[in-house]
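What follows is a set of notes on a single structure, which appears directly below.
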Amino acid sequence: MHQRHEATTAVAQMGASPSSPAGLSEREVVERRTHGQGNRVSPANSRSYWQIIAENMFTFINIVLFTLGLILALLGQFMDALVSVGVILLNILVSVVQEIRAKRTLDRITVLTQPTAHVIREAREYDVPPQDLVVGDVLHVGPGDQIVLDGTILSDPSNGISRSATVVMAVDESLLTGESDIVPKRAGDPVYSGSFCASGTGYYVAEKVGSQSLANSVMAGARSFRRVLTPLQEQINFVIRLALLIALYLEFLLVLDSIVRRIDLVQGVQNATIIAGLVPNGLFLSIALAYAIAAVRIVRYGALVQQANAIESLSHVDVLCLDKTGTLTANRLQVVETLGLTENPDSLKQLLGIIVASTHDHNKTSEAIATAFPAEAHSVIAEVPFSSSRKWSAAAFDECPDSPTARSVALRGVYVLGAPEILRPFLDSCVSWETITTVIRDRAQQGLRVLLVAHSPVAEDLQVGAPERLYEDARLPVGLTPLGLVVLSDELRPEARETLRSFLAMGLQPKIISGDYPETVAALARQAGLDNAALRVVSGAELDALDDVALAEIAEDSTIFGRTTPQHKERLIRALRSRGHYVAMVGDGVNDVLSLKQAQLAIAMHSGSQAARSVSDMVLMQDSFATLVPAMQEGQRVVNGMQDILKIILARVTAIGLLVVSSLALGPLPLALRQGSLITLLAVGIPTVLLAIWAHPQRASRADLRRQLLHFVSAAAIVTAALGLLLFYGVIAIDHGGAASPTAGFVTAQPTPLDIFALTHAQTAVSAFLVFSGLLLVVFVEPPTPWWTGGDRLSGDWRPTVLAGALAMVFVMVELAPPLRDTFALAPLTLVEWGLVSAATLLWLPLLRWIWRTESVARYLGMNPLDDAIRGMGHRKGRNQHGE
């Protein structure tokens with residue numbers, strides 16, 4: 001083949017079957033690509049660089065602050081404009097750099113999950129990326145394969161296909177239409193990119209490529225970075241909108257205050273900038289950034305996040321549903337033994353090899369049998385492929401042993417391969433079922449899979465059903481003769497035991513859902529380390545007899561579900577969600593698509609079907625569900641870190657907001673513009689970035705987040721604002737010699753030098769108090785010892801405490817260094833003023849701790865008490881497997 005088969009492209013070259021078309025030649029492919037008929041338009045994996053910059057910079061509040069900064073510059077207040085706008089630009093720069101790094105990493109990894117096209121060229125089949133296709137390419141699809149280009153199904157011999165026109169392909173178009181119905185496709189029917197083959201197999205010719213294809217027009221953003229609002233983001237969005245509304249009202253009051261008190265324009269713009277800065281608009285973007293960074297971290301563990309809300313979902317999961325095959329096991333089936341019932345073992349092996357070689361139904365079971373018993377294909381007159389709903393497959397042969405062209409083994413009649421208990425109603429009544437049952441139970445206890453081979457002598461007895469019914473009407477003849485049993489083993493993943501133990505330690509309930517015999521699944525679960533006493537085993541037949549209420553109770557109490565169909569899996573996921581659980585589903589096959597769609601977090605194996613990957617929120621790139629342990633811890637880390645950040649930011653915004661409201665009634669603003677920027681940088685900006693990095697994993701509580709925020713923020717804001725006001729007017733009173741009223745000298749537009757001296761010193765004292773109290777809040781959200789608990793659970797991590805101490809020293813250095821002090825409009829505090837700041841801080845500390853521990857605010861509001869761990873008597877925040 002030509003240059004499209006580079007070393008970096010995993011190209012599997014296989015001989016096409018005799019019935020497959022020849023496809024295009026290499027020369028035709030080159031010519032069509034030269035004439036612009038190649039599929040060179042690829043969907044964007046993420047936002048462009050310009051979008052990242054624009055969405056971080058041009059928010060409503062940023063535009064307001066930039067405008068106010070420009071006005072200050074025009075009024076000659078260059079330093080005020082530089083400091084206020086500079087802090088905003090610094091935050092934007094950090095966010096943009098981090099998000100661009102995340103984008104580049106995710107773009108590189110996302111390429112690995114793109115669907116692969118099976119193209120026929122020069123009578124050979126190749127696996128190529130979709131961008132290598134051209135108009136006229138013939139594509140082969142089977143169960144689970146995604147249809148990557150719009151086209152038309154082929155089955156006419158004039159098109160090079162010798163297959164019967166009755167061969168039908170079932171296509172799931174739910175990603176396009178939103179409907180879950182399977183659409184039948186026959187010769188001449190159109191197929192659309194973005195859909196996938198649910199059952200059957202067939203060929204289609206590509207007719208639309210590039211921007212004309214539905215995959216590149218409608219579905220272009222299916223895997224792009226989208227700002228999907230998660231529950232946490234929705235709450236933050238509400239907080240921001242509320243803060244914006246309050247800020248607008250405060251601006252209105254400020255305008256009235258400026259008119260009444262005749263405050264000059266410069267002071268008015270400075271005050272307006274302080275109030276506009278109260279809106280925590282960067283909070284929403286910081287969470288999106290945290291999700292992006294977490295997605296990059298999770299990639300290191302081998303998990304690719306395809307939807308932003310998957311990061312938050314990881315922290316909420318409390319029930320993890322696993323499809324046994326390909327998840328708990330490696331899906332590497334091997335034939336262990338064959339047991340003849342009415343056929344000798346050697347003949348049974350030869351017969352099994354011929355059946356799987358002659359049919360088009362290729363799955364892991366048939367591949368294992370074909371490997372164990374290679375044979376030559378025979379002519380099939382009818383076949384019914386295996387499906388997860390039927391749990392059997394059948395083929396009809398009509399070979400005459402006396403024919404001159406007869407093979408060494410001539411097959412005649414219907415041959416069925418499937419689950420023994422499903423085939424039992426069709427067996428001859430004279431068959432001794434006890435013998436079969438004994439073998440099944442014995443092998444099931446070893447974790448082995450048992451299939452029954454049965455036969456009917458009349459080939460016409462196989463009813464394949466109407467093609468448009470997608471084999472739903474397929475029926476087996478009654479009176480089948482059991483020929484023998486084939487026993488297969490699957491390899492338990494080596495990491496399964498340790499992974500399940502980790503899930504249980506994290507508080508997750510594992511549920512194993514499989515189409516295999518229930519006792520086989522239970523045996524493998526025991527081998528994986530699940531407690532035998534806790535295993536309650538339920539079969540799909542039992543589920544059929546239950547209504548939704550009874551099913552929900554069974555789903556809650558049971559761990560193993562065997563002989564389930566895709567519909568059973570879907571009902572189980574829905575039932576678990578109805579009981580208030582946050583459910584994750586791990587699957588790999590097309591039979592898992594329904595349940596993956598129903599789960600709140602859908603996770604697919606990379607080596608699984610393209611259909612499963614298409615509907616999943618995450619893809620496990622290394623095909624190991626052990627990856628979920630660090631991935632879930634990372635999700636918990638992000639959400640818990642953001643909750644700490646929320647507490648700090650909301651406490652700061654609310655406290656300053658109360659100070660501003662009080663000042664509008666009592667006198668001047670207790671903060672200058674540049675002082676507010678310094679407070680934001682030291683007490684909020686730097687700590688929140690590091691808190692997000694240092695956050696500990698712990699399953700988030702969705703129910704009490706608002707109560708925790710109210711518990712933490714209300715007390716912190718009220719105490720901080722009250723003591724801040726007392727400190728402000730206390731310094732003013734001292735600097736005025738105790739003779740002046742709190743508002744003396746500040747009502748007119750021309751304050752005296754003594755008034756200016758008192759104001760700047762009072763504002764500096766309040767700035768120092770807000771920095772110190774804000775840094776102590778950092779210690780309170782990550783308590784290093786039990787004494788510091790009250791606002792949050794015990795952390796035991798000393799890093800935030802050391803950070804708070806270091807940043808407090810930075811403020812002292814800024815205050816003591818004249819150039820830095822002048823930059824942030826601070827005044828040199830006297831020893832008396834430092835004493836007042838220290839007294840206010842020392843009073844603030846035990847008072848706030850006492851309010852938190854006694855839950856005074858919650859009791860006043862009539863709220864239910866928080867758990868002991870938050871109030872200070874209890875457990876540490878979660879730790880990961882490294883003890884971090």
### Residues satisfying the stated conditions in the range 143-168, i.e. under 26 Å from E122 (Cβ atoms), of a type in the set (A, V, I, L, M, F, W, C) and either modelled with pLDDT under 75 or part of a helix (DSSP H, G or I) (or both)
I161, A165, V167
### First in the range 597-625 and of a type in the set (D, E, K, R) and assigned to a loop (DSSP other than H, G, I, E, B), second anywhere and at pLDDT 85 or above and open to solvent by 20 Å² or more (accessible area, probe 1.4 Å), Cβ under 7 Å, 6 or more apart
none
### Task
Using the structure shown, decide if G580 is at negative phi and assigned to a loop (DSSP other than H, G, I, E, B).
no
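Among the helices (runs of 4 or more DSSP H) contained in the range 475-558, which hold 2 or more residues that are among the charged types (D, E, K, R) and over 26 Å from the mean Cα position of the chain (by Cα)? Spell out how you get there, then give the answer.
Working: elements: 496-505, 518-527, 540-544, 548-557.
Hits in the range 475-558: 518-527, 540-544, 548-557.
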## Note on the structure
Of the residues in the range 620-671, those that are among the basic types (K, R) and under 17 Å from A310 (Cβ atoms) come to R637
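Among A533, A525, A550, which is of a type in the set (A, V, I, L, M), at pLDDT below 90 and open to solvent by 10 Å² or more (accessible area, probe 1.4 Å)? Don't jump to the end; show me each part of the working.
Details: A525 fails: open to solvent by 10 Å² or more (accessible area, probe 1.4 Å); A550 fails: at pLDDT below 90.
Residue meeting the stated conditions: A533.
Listed here are the residues, each with its yes/no results for (1) surrounded by 24 or more Cβ atoms within 10 Å (Cβ to Cβ); (2) among the aromatic types (F, W, Y); (3) touching a strand residue (DSSP E or B) at 6+ places or on another chain (Cβ under 9 Å); (4) more than 22 Å from V537 (Cβ to Cβ).
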site	(1), (2), (3), (4)
T564	yes, no, yes, no
E570	no, no, no, no
I573	yes, no, yes, no
G580	no, no, no, yes
M585	yes, no, yes, no
L601	yes, no, yes, yes
A604	yes, no, yes, yes
S609	yes, no, yes, yes
A612	yes, no, yes, yes
#### Entry: Selection status of L339, surrounded by fewer than 20 Cβ atoms within 10 Å (Cβ to Cβ) and at pLDDT 85 or above
yes
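Residue by residue through the range 345-362, note down the ones that are outside any helix (DSSP H, G or I) and in contact with a Gly (Cβ under 9 Å, 6 or more places away or on another chain). Full working, then the answer.
First, pick out the residues of the range 345-362 that are outside any helix (DSSP H, G or I): 359-362.
Answer for the range 345-362, where residues must be outside any helix (DSSP H, G or I) and in contact with a Gly (Cβ under 9 Å, 6 or more places away or on another chain): H360, H362.
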## Note on the structure
For the range 791-810, the count of residues that are closer than 20 Å to L650 by Cβ and of a type in the set (S, T, N, Q) equals 1
### Query
Among L278, L333, L304, L322, which is at pLDDT below 75 and either in contact with a Gly (Cβ under 6 Å, 6 or more places away or on another chain) or buried (at least 20 other Cβ atoms within 10 Å of the Cβ) (or both)?
L278
### Message
Which of the numbered conditions does T801 fail, given that it passes all the others? Conditions: (1) buried (at least 23 other Cβ atoms within 10 Å of the Cβ); (2) in contact with a helix residue (DSSP H, G or I) (Cβ under 7 Å, 6 or more places away or on another chain); (3) hydroxyl-bearing (S, T, Y).
### Response
(1)
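Results for (1) of a type in the set (A, V, I, L, M, F, W, C); (2) touching a Cys at 6+ places or on another chain (Cβ under 7 Å); (3) surrounded by fewer than 22 Cβ atoms within 10 Å (Cβ to Cβ); (4) over 16 Å from N640 (Cα atoms), shown as yes or no for each residue.
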position: A765; (1), (2), (3), (4): yes, no, no, yes
position: S773; (1), (2), (3), (4): no, no, no, yes
position: L777; (1), (2), (3), (4): yes, no, no, no
position: F780; (1), (2), (3), (4): yes, no, no, no
position: S795; (1), (2), (3), (4): no, no, no, no
### Query
Is there a residue in the range 622-638 that is more than 17 Å from the chain's Cα centre (by Cα) and open to solvent by less than 10 Å² (accessible area, probe 1.4 Å)?
no
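The values are calculated or read from the model by the stated rules, or taken from the named source; none is laboratory data. These numbers were taken from a predicted model, which means no experiment stands behind them. All Cβ positions, even for glycine, are placed from backbone atoms using ideal geometry, and neighbour counts span all protein chains on display. The protein model used for the area step is the full one, side chains on, heavy atoms only, and it has no ligands, DNA or RNA in it. Shrake-Rupley method; radii C 1.70, N 1.55, O 1.52, S 1.80 Å.
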